[in-house]
Amino acid sequence: MKKLCAFTIAFFPLKFCLILCSLTEPNCFWRIKKIEVYDGDLQNDCGFVLFTLESPIEENFYNHIINFRIPARKYEFFLVMFFATDEINKNPYLLSNMSLIFSFIFGMCEDTMGVLDKAYLHQNNYFDLLNYNCGRKKRCDVKLTGPSWKTSLKLSVNSRAPKIFFGPFNPNLSDHDQFPYIYQIATKDTYLLHGMVSLMFHFEWTWIGLVITDDDQGIQFHSDLREEMQRHAICLAFVIMIPESIKLYNTKFKIYDQQLMTSSAKVTIIYGKMISTLGLSFRRWAYLVARRIWITTSKLDVITYDKDFSLDFFHGTVIFVHHHNDIATFRNFMQTINTSKYPVDISQSMGQWNHFNCSISKNKKKMDFFMLKNPLEWLTQHTFDMVLSEEGYNLYNAVYAVAHTYHELIFQQVESQEMAKPKGLFTDCQKVASLLKTRVFTNPVGELVNMNHKENQCAKYDIFIIWNFPKGLGLKVKIGSYFPCLQQSQHLHISEDWEWVTGETLVPSSVCSETCTAGFRKSHQKQTADCCFDCVQCQENEIANDTDMEQCVRCPDDSYANLEQTECLQRVVTFLAYEDPLGMALGCMALSFSAITILVLVTFVKYRDTPIVKANNRILSYILLISLVFCFLCSLLFIGHPNQATCILQQATFAIFFTVAISTVLAKTITVVTAFKLTTPGRRIRKMMIKGATNLLIPICTLIQLVLCAIWLVTSPPFIDRDIQSEHGKVIIICNKGSVTAFHFVLGYLSSLALGSFTVAFLARNLPDRFNEAKFLTFSMLVFYSVWITFLPVYHSTRGKVMVIVEVFSILASSAGLLGCIFFQKCYVLLVRPDLNVLQK
C-alpha cells in the first residue's frame with residue numbers, strides 16, 4: 001500500500017464496534033469501537049441450545065428475543081446463529097425435512113425454559129429442553145458456550161449434555177477425562193509463539209517485554225516463549241505477571257507501571273484475557289502514554305478509551321488471528337434480513353460491526369474526507385461486508401458441527417426405526433457426544449473442520465497491525481501471515497508494500513544494545529542478558545565482516561586486516577632486495593670493500609720483500625686479507641630472495657670467515673709478543689715458536705667454530721620464515737636462525753677470540769719497534785667489539801628487513817674496521833712514504 005487512507009471524522013458518540021475500509025493493496029479497514037466494561041463471566045458470554053423441529057419455523061418464532069435486553073457485545077453471536085441456522089434450514093442435503101432452531105441461555109433455567117416450552121407446547125409436555133434439574137425429563141441437545149471458558153465449566157456441573165466451547169482454545173478444557181462432554185471448536189495455538197518469535201526475528205527485535213496473566217496459561221506461555229526466544233537469540237527485558245485478583249493488583253500496579261515505562265524495550269507481548277486486570281493495565285498504560293509496539297492475539301484486539309492523544313501514542317498493535325475464509329453469503333443475508341423473522345435491532349448491530357468499501361485509486365495521495373452526522377443514514381447508503389470475529393467464526397463452525405451430528409443421529413433413528421419417541425429428540429448423551437467428537441466435515445466456505453484431534457491441526461495465522469487514533473478510531477492492516485505447515489523458509493510472509501502510520505518505511509527497533517558494526521565484536525556484560533553487550537574493536541590483524549559478531553576472525557598469514565578491520569587483504573611479499581635503495585647501497589658497499597681489500601692484498605704481494613711487510617708476518621697478512629674479502633662478500637648472501645641454501649650459508653660463512661679473520665689477528669698479536677719477549681734475536685727457539693703459532697692457531701680456532709656450526713646445522717638449522725608483524729600489509733621473507741642459542745654461541749666464540757686478541761695486543765702496545773703493529777691490532781679489536789656489542793641490542797629490538805640490514809651493516813662495519821685499523825698505516829707507508837719502508841727505520 002503506497003499510502004494509508006487518511007480520514008477526517010467528526011461524529012457523535014457512535015455505537016460502532018468495527019468499521020472496515022477495504023483497500024486494494026493490502027487489505028485494511030478503519031474501525032470504531034465503543035468501550036464497554038464487563039463484569040463477570042456470564043455477562044460477557046453467550047450460551048445457545050440447538051435442537052430440531054419437524055415443522056418449519058414460524059414467522060414469529062424468535063419474537064421473544066426482543067423482550068430481553070441483549071448486550072451489544074452479543075449481537076454478533078445472535079447474528080451468526082440466525083445466519084447459520086437459516087443457511088442450514090435452506091440446505092436440502094443437511095437435516096432435510098427438519099428445522100434447526102436455537103435458544104439462548106439467559107437467566108439460566110427459568111427464562112430459557114419459558115422460550116422452549118412455548119416452542120414445544122403443541123408437541124409434548126414431558127421433556128426438559130435444558131439439562132438443568134427443573135423437574136422434567138432430560139434431553140441431550142448440544143449447547144454452545146463462549147467465549148469465556150469458565151462459563152463452560154459452570155454449565156458442565158452435574159450435566160452430561162455435550163457442549164461446544166466456541167471461544168479461544170483453552171488447555172483447561174482439553175482434559176477429556178475431567179470434562180468428557182466439553183469440546184472445543186477452536187484450533188490450539190500450538191504455533192502461536194513460534195509465529196511471534198519469527199516476526200521478532202524478521203524485524204530484528206531482540207529486546208522484548210512480556211505481560212501475562214498470573215495463571216497456568218500465562219506461566220506456560222512464558223516458559224514456552226522463553227525457550228523459543230533463546231533459540232533465536234532474543235531476550236526478555238522484563239516479565240510482568242498481572243494477578244487476577246483486583247485487590248492484589250491494586251497493591252502492585254505502580255510497580256508494573258514502573259517496570260514497563262522504564263524499560264528500554266520498545267516491543268511488548270501481551271498474552272491473556274482483556275476482560276481482566278490485564279485489560280485494566282493496558283488501558284492504564286494508554287493514559288501513561290507508553291509508546292510501544294504491542295504483539296498479541298485477537299483476544300486483545302482492543303481500542304483505548306475515548307480520549308484525545310497523540311497520533312504517535314502507539315507505534316501499533318500487532319495481532320495474530322487464525323486465518324479463515326470470508327463467508328460471502330453473510331453479506332447477502334445481512335442486506336436481505338427479514339426483521340419480522342429476526343427481531344434483533346439490526347441497525348444497532350450494523351453500527352457496531354460492519355464493513356464498507358472505500359477503495360482508493362493509486363494516483364491519489366489520500367481519500368476525500370467525509371462527515372458522519374447521521375451514522376445509520378450513512379450506513380444505508382453504502383454496501384457493506386460483515387467481518388466475523390474469531391469467536392463468531394468458531395460459533396459458525398460449531399453450529400454446523402451440531403447440524404452434522406443431528407443429521408447422523410436422525411439417520412440412525414430412521415434406520416433403526418426408533419419411532420417410539422419424536423424424531424429429532426435425543427436422550428442418549430453418550431451417543432450424542434461420541435458422534436459429535438468424531439465429526440469431520442467441510443464448511444460452506446471450503447475449510448475442513450475436525451472435531452477430533454484439534455490439538456494436532458496446523459493452524460494458519462493472519463498478521464494484522466492496528467494503529468489507534470483519537471476518539472477510539474483505529475486502522476487495521478494485514479501485513480502478512482504465518483503458516484507453520486510450509487517449509488521453514490516459507491513459514492512467515494510479510495508484505496513489502498506497507499508503511500507505518502507515520503508514513504515511514506523504517507521499522508522501529510527494540511534492542512538492548514545497538515548493533516555492533518563490522519570491525520567490532522560483541523563483549524557481553526556480566527550479569528546481564530545475552531542481548532546486552534558492548535562493542536569492542538577487533539584486535540590487530542582480526543576482522544569482523546558482519547554485524548553483531550561474537551568473535552573476530554583472524555586473517556591468514558598471507559593476508560592482513562584493512563584499517564576498518566572488515567576484510568582481509570592480500571599481503572605484499574617483500575624482502576631485502578637489490579632493487580631496494582638500502583639493499584643496493586649495502587651491496588655496493590660490500591663489493592667496494594671487497595675490491596679495496598683485494599687491492600691491499602695486491603699491494604702487499606707487490607711489496608712482499610719490503611721491511612714493513614716482512615716485519616708483520618706477510619703470510620698472516622695474506623690470510624687476513626683473503627678472509628676479509630670473504631667477510632665482505634658473505635654479506636651479499638643476506639641480500640636478495642632468501643632460500644634454504646642461502647639461509648644456511650649466511651650464518652655458516654659469516655661464522656667461519658670471521659673466525660679465520662679473528663684467529664689470524666690473534667696469531668699476529670702472539671707473533672708480536674713472542675718476537676720481543678723471548679730470548680735474543682736470531683735464536684732458533686724463537687723462530688720455532690713463531691712458526692708454530694701461525695701454523696696451529698688458525699686451524700685449531702677454525703676447527704672449533706666448524707664443530708659449533710655443524711652442531712647448529714644438525715640440531716636446528718636456519719630456515720625461511722615469514723614476518724607479518726614488522727610492516728602493515730606486507731609479509732617479509734627472512735631467514736630464521738633456527739636456534740638462537742646456537743647463534744649466540746657462535747657470536748660468543750668470536751667474542752672470546754676477539755677478547756684474547758685485544759688482551760694480547762694491549763699488552764704489546766708499548767713494545768719498541770717502528771714496525772710494531774700491536775697498537776693497530778688493539779684498535780681493530782676495539783672497533784670489532786664496539787660494532788658487535790652495539791649489534792646485539794639493536795638486532796633483538798628490530799624485525800624484518802631492518803634486522804637483516806643491521807646484521808649486514810655490522811658485518812661490513814666490523815670487517816671495514818679490521819681492514820682500516822690494521823692495513824691503512826701500512827698502505828700509507830708503502831704507497832705514500834716509501835722512505836720510511838727501510839730496515840733502519
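The values are calculated or read from the model by the stated rules, or taken from the named source; none is laboratory data. Since the structure is predicted, the reported quantities are computational estimates derived from the model, not experimental observations. For neighbour counting, all protein chains shown are included, and Cβ atoms are generated from backbone atoms with ideal geometry for every residue, glycine included. Remember, those area values only see protein heavy atoms, side chains included, never the ligands or the DNA or RNA. Shrake-Rupley method; radii C 1.70, N 1.55, O 1.52, S 1.80 Å.
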Loop GluC sites (Glu not before Pro), the stretch 507-544 (other Cβ atoms within 10 Å of the site Cβ: 14 or fewer; DSSP): Glu514, Glu540
Cα coordinate range in the stretch 173-214, projected on the principal axes (Å, largest first): 45, 22, 13
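Students often get this wrong, so check it: of Lys273/Lys478; Lys254/Lys478; Lys188/Lys478; Lys801/Lys826; Lys90/Lys437, which have C-alpha atoms separated by over 32 Å?
Table pairs above 32 Å Cα-Cα are Lys254/Lys478; Lys801/Lys826.
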Relative packing of peptides 204-211, 393-400 - highest average C-beta neighbours within 10 Å first: 393-400, 204-211
Added length on full extension, which subtracts the Cα-Cα distance from 0.36 nm per residue, Gln417 to Ser716: 96.9 nm
Cut-off under 5 Å, modelled amide H: who pairs with His524 long-range: Asp534
Cβ crowding within 10 Å averaged over residues, with 561-572, 233-244, 79-90 ranked highest first: 79-90, 233-244, 561-572
Proximal charge balance of Ala518 [Cβ under 9 Å; K/R count +1, D/E count -1]: -3
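What is the percent carbon and sulfur in the accessible area of the stretch 479-597, measuring with a 1.4 Å probe over the protein chains and ignoring ligands?
Of the solvent-accessible surface of the stretch 479-597, carbon and sulfur hold 52 percent.
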Backbone N under 13 Å from the Asp558 label point (7 Å along Cα→Cβ), restricted to the stretch 724-767: 731
Gained length - Asn450 relative to Asp580, 0.36 nm times residue gap less alpha-carbon distance: 38.3 nm
Inter-label distance for Gln551 and Ser523, nm, one decimal - labels placed 7 Å from Cα along Cα-to-Cβ: 1.8 nm
Integer Hz, Karplus 6.51/-1.76/1.60 couplings in order for the stretch 823-830, x for Gly and Pro: 10, 5, 5, 5, 5, 5, 5, 5
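Probe of 1.4 angstrom, ligands and nucleic acids ignored: what's the accessible area per residue over the stretch 472-629, in square angstrom? Could you put the intermediate results ahead of the total?
Working: 8690 Å² over 158 residues.
I get 55 Å² per residue for this part.
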Under-5 Å amide H pairs with Val142, H placed in peptide plane, nonlocal only: Leu50
Within-13-Å neighbourhood charge of Arg608 [Cβ basis; K, R +1; D, E -1]: +3
Sites Thr442 and Ala328 - FRET efficiency at Förster radius 22 Å, r taken between beta-carbons, to 0.05: 0.90
Distance between modelled label sites at Asn250 and Ser174, nm, 7 Å Cα→Cβ extension: 3.6 nm
Rg in Å to one decimal, and Dmax rounded to a whole Å, for the stretch 201-285 via C-alpha atoms: 12.9, 40
Quotient of Cα Rg and 2.2 N^0.38 Å for the stretch 613-666, N being how many residues it contains: 1.34
3J(HN,Hα) from dihedral phi, the stretch 278-283, Karplus parametrisation 6.51/-1.76/1.60, rounded to Hz, x for glycine, proline: 5, x, 4, 5, 4, 6
Chain lengthening between Leu486 and Arg160 when straightened (0.36 nm per residue, less Cα-Cα): 113.4 nm
